[in-house]
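Novice: Shown below is the structure under consideration.
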Amino acid sequence: MIGRSVYGLLLTWAAMTAAAATVSTVASPADADAAADTQAPGVADPAALRRGKRIYTEACAACHGADGTGVRQEQLGFDVPTPDFTDCNFATREADADWVAVAHDGGPVRAFARFMPAFGEALSEAQLEAAVGHIRSFCDSGAWPRGELNLPLPLYTTKAFPEDEIIVQSTVATEDPGSVAIEAIYEKRIGARNQVEIAVPAVWRESRTADGEGTGDWRSVLGDVVLGYKRVVYDSLDRGTIVSFATEVVVPTGDEDAGASAGTVIVEPMLLVGQLLPRGYFVHGQAGFGLPLDSDEAEDEAFWRLAAGRAITEGRWGRRWAPMIEVLGSRELADGADTDWDAVPQIQVTLNRRQHVRLGVGVRLPLNNTGERDPLVRLYLLWDFFDGGLTDGW
């Protein structure tokens, strides 16, 4: 997902227009021969960093300053101020590939201004990556997880990366009687490693006859509001790993008579793991407990979820697809209770060029106890509001 951080890169590389005379010096054969040094995110190769500093100094510092804080707007004549690359909240959000995409193909590749030219013919990808690597060095704090660890969001498994997102998701019953649940989720990142969230659900249910058939009469009710907190406890770009602890509190605000409430406060502590794998593959893991305050209303429960997928890009910098499969397990912590298993084939796709608006859709298929549980269709619309407005970037 591309945000304000990449917009800052637009201005950085726009400055290269004024310094085009230096490009032939920067784009030396020695740099081209060292392309492999800069391919792996997070690898701090000294030679690559020196090359990146030279490229930045000769082509970008006139606008962004040697220290990355930016030259004053009135000196440059730009309509917007240059970004501060020392601001870690701004500089760590996106993956290196997103920065390089704009530098290589120009602003329109991510629906930014056309004044950002494409430098793919003047500089190799390795040279662009080296320059981005130097820009990364302006953030001097290791507390901020890198954007490469922000993996595609599965339909059920909670990801470990802290985000600024609004998600509207819907779950639709496929059997009679019908039901439709819609949940609005607001997630807000706080500092480097924390996130808070609130989820507000509503449920539309079809009335049943004495035989359990749908009557065609629908009723809408409020579901249980969920409050959540997440904290990253470990992240390593070199290892491709991010680990978080999270806690959600289910508040019984829903209509219990309509089956839209647990009837008690439920505390859900959980562990979240994200792992990058070679060739664009990735894995999410989640494990936790549901602990009701009133055991007469609900049983203690354990749950675990695993999602595996692959990020696929159209062409070099185009639309991103992420087919995934989730396996869900849950079991009430009571003698004789069954373990429920489900599989969820699904796909996520970016909808706009900036890639901060995404759609996810899939089907939850019960693998056992199918007489009691029906397949469900789930979909969501995700908006990463840090990266721009909902109507931006199309």
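Novice: Can you work out which of the residues in segment 321-336 that are free of Cβ contacts under 8 Å to residues at least 40 places away in the same chain and surrounded by 14 or more Cβ atoms within 10 Å (Cβ to Cβ) is farthest from Gly393 (Cα to Cα)?
Specialist: Ranking the qualifying residues of segment 321-336, first place goes to Glu332.
Novice: On the basis of being over 30 Å from Arg239 (Cα atoms) and in contact with a strand residue (DSSP E or B) (Cβ under 6 Å, 6 or more places away or on another chain), does Leu271 make the cut?
Specialist: no
Novice: Surrounded by 19 or more Cβ atoms within 10 Å (Cβ to Cβ) and touching a Lys or Arg at 6+ places or on another chain (Cβ under 9 Å): which single residue out of Phe245, Phe303, Phe282 fits that description?
Specialist: Every option except Phe282 fails the conditions.
Novice: Which residue, of Gly288, Gly315, is within 22 Å of the chain's Cα centre (by Cα) and buried (at least 18 other Cβ atoms within 10 Å of the Cβ)?
Specialist: Values: Gly315 fails: buried (at least 18 other Cβ atoms within 10 Å of the Cβ).
Going through Gly288, Gly315 in turn, just one is within 22 Å of the chain's Cα centre (by Cα) and buried (at least 18 other Cβ atoms within 10 Å of the Cβ): Gly288.
Novice: For segment 208-242, enumerate the residues that are exposed (fewer than 15 other Cβ atoms within 10 Å of the Cβ) and over 32 Å from the mean Cα position of the chain (by Cα).
Specialist: Answer for segment 208-242, where residues must be exposed (fewer than 15 other Cβ atoms within 10 Å of the Cβ) and over 32 Å from the mean Cα position of the chain (by Cα): Arg208, Thr209, Ala210, Asp211, Gly212, Glu213, Thr215, Gly216, Asp217, Trp218, Arg219.
Novice: In segment 363-376, is there at least one residue being within 30 Å of Arg193 (Cα to Cα) and among the aliphatic types (A, V, I, L, M)?
Specialist: no
Novice: A further question follows. From (1) assigned to a loop (DSSP other than H, G, I, E, B); (2) under 22 Å from Gly274 (Cβ atoms), pick out the condition that doesn't hold for Leu359.
Specialist: (1)
Novice: Can you name every one of the helices (runs of 4 or more DSSP H) wholly within segment 1-99 that holds 1 or more residues which are modelled with pLDDT under 50 and over 22 Å from Trp144 (Cβ atoms)? Show your work before the answer.
Specialist: Details: elements: 4-18, 23-26, 29-33, 46-59, 61-64, 73-76, 88-91.
So the answer is 4-18, 23-26, 29-33.
One line per residue, one yes/no per condition, for (1) surrounded by fewer than 22 Cβ atoms within 10 Å (Cβ to Cβ); (2) at pLDDT below 85; (3) outside any helix (DSSP H, G or I); (4) in contact with a strand residue (DSSP E or B) (Cβ under 9 Å, 6 or more places away or on another chain):
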{"residue": "Ala101", "(1), (2), (3), (4)": "no, no, no, no"}
{"residue": "Arg114", "(1), (2), (3), (4)": "yes, yes, yes, no"}
{"residue": "Glu121", "(1), (2), (3), (4)": "yes, yes, yes, no"}
{"residue": "Phe138", "(1), (2), (3), (4)": "yes, no, yes, no"}
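Novice: Take segment 211-244 and flag every residue that is more than 30 Å from Gly285 (Cβ to Cβ) and not in a strand (DSSP E or B).
Specialist: If the condition is that a residue be more than 30 Å from Gly285 (Cβ to Cβ) and not in a strand (DSSP E or B), then Asp211, Gly212, Glu213 are the ones that fit.
Novice: I need every pair where a residue in segment 338-357 that is on the phi > 0 side of the Ramachandran plot has its Cβ under 9 Å from the Cβ of a residue that is part of a loop (DSSP other than H, G, I, E, B) and of a type outside the set (Val, Ile, Thr), sequence separation at least 6 or different chains.
Specialist: Cβ pairs passing all conditions: Gln355/Met1; Gln355/Arg319; Gln355/Gly393.
Novice: Answer with yes or no whether Val203 is among the β-branched types (Val, Ile, Thr), surrounded by 15 or more Cβ atoms within 10 Å (Cβ to Cβ), closer than 27 Å to Asp300 by Cβ and touching a residue at least 24 places away in the same chain (Cβ under 8 Å).
Specialist: yes
Novice: Also, quick follow-up: Of the residues in segment 230-267, how many are closer than 14 Å to Ala160 by Cα and of a type in the set (Val, Ile, Thr)? It would help to see each step written out before you state the result.
Specialist: Kept after step one, since they are closer than 14 Å to Ala160 by Cα, are these residues of segment 230-267: 230-237, 240-248.
If we keep only those that are of a type in the set (Val, Ile, Thr) too, we end up with 232-233, 241-243, 247.
Adding up the residues that qualify gives 6.
Novice: Just to check your reading of the model, which residue among Ala199, Ala160 is at pLDDT 90 or above, small (Gly, Ala, Ser), in the same structural domain as Ala260 (by TED's automatic domain parsing) and touching a His at 6+ places or on another chain (Cβ under 8 Å)?
Specialist: Working: Ala199 fails: touching a His at 6+ places or on another chain (Cβ under 8 Å).
Checking each option against the conditions leaves just Ala160.
Novice: Which members of segment 250-266 meet the condition of being farther than 19 Å from Thr157 by Cβ and not hydroxyl-bearing (Ser, Thr, Tyr)?
Specialist: Val251, Pro252, Gly254, Asp255, Glu256, Asp257, Ala258, Gly259, Ala260, Ala262, Gly263, Val265, listed by residue number.
Novice: Here is a further query. Can you name the residue in segment 248-272 that is surrounded by fewer than 18 Cβ atoms within 10 Å (Cβ to Cβ) and of a type in the set (Val, Ile, Thr) and is also nearest to Gln195 (Cα to Cα) among such residues?
Specialist: Val249
Novice: Turning to a different aspect of this structure: Among residues belonging to segment 343-370 that are under 21 Å from Phe303 (Cα atoms) and either under 12 Å from the mean Cα position of the chain (by Cα) or not aliphatic (A, V, I, L, M) (or both), point out the one that is surrounded by the fewest Cβ atoms within 10 Å (Cβ to Cβ). Break it down into steps so the answer makes sense when it comes.
Specialist: Step one: filter segment 343-370 for residues under 21 Å from Phe303 (Cα atoms), giving 343-346, 362-370.
Applying the additional criterion that residues be either under 12 Å from the mean Cα position of the chain (by Cα) or not aliphatic (A, V, I, L, M) (or both) yields 345-346, 362, 364, 366, 368-370.
Details: Pro345: 13, Gln346: 23, Gly362: 23, Arg364: 21, Pro366: 17, Asn368: 12, Asn369: 12, Thr370: 10.
Of everything passing the filter in segment 343-370, Thr370 is surrounded by the fewest Cβ atoms within 10 Å (Cβ to Cβ).
Residues are listed down the side, and each one gets a yes or a no for (1) modelled with pLDDT of 95 or more; (2) closer than 24 Å to Arg373 by Cα; (3) in contact with a His (Cβ under 7 Å, 6 or more places away or on another chain):
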| position | (1), (2), (3) |
| --- | --- |
| Gly212 | no, yes, no |
| Gly216 | no, yes, no |
| Asp224 | yes, yes, no |
| Ser236 | yes, no, no |
| Thr241 | yes, no, no |
| Pro252 | yes, yes, no |
| Asp255 | no, yes, no |
| Ala262 | no, yes, no |
| Glu268 | yes, yes, no |
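The values are calculated or read from the model by the stated rules, or taken from the named source; none is laboratory data. Quantities reported herein were computed from a predicted structural model and do not represent experimental measurements. As a convention, Cβ positions derive from the backbone with ideal geometry for all residues, glycine included, and neighbour counts pool all protein chains shown.
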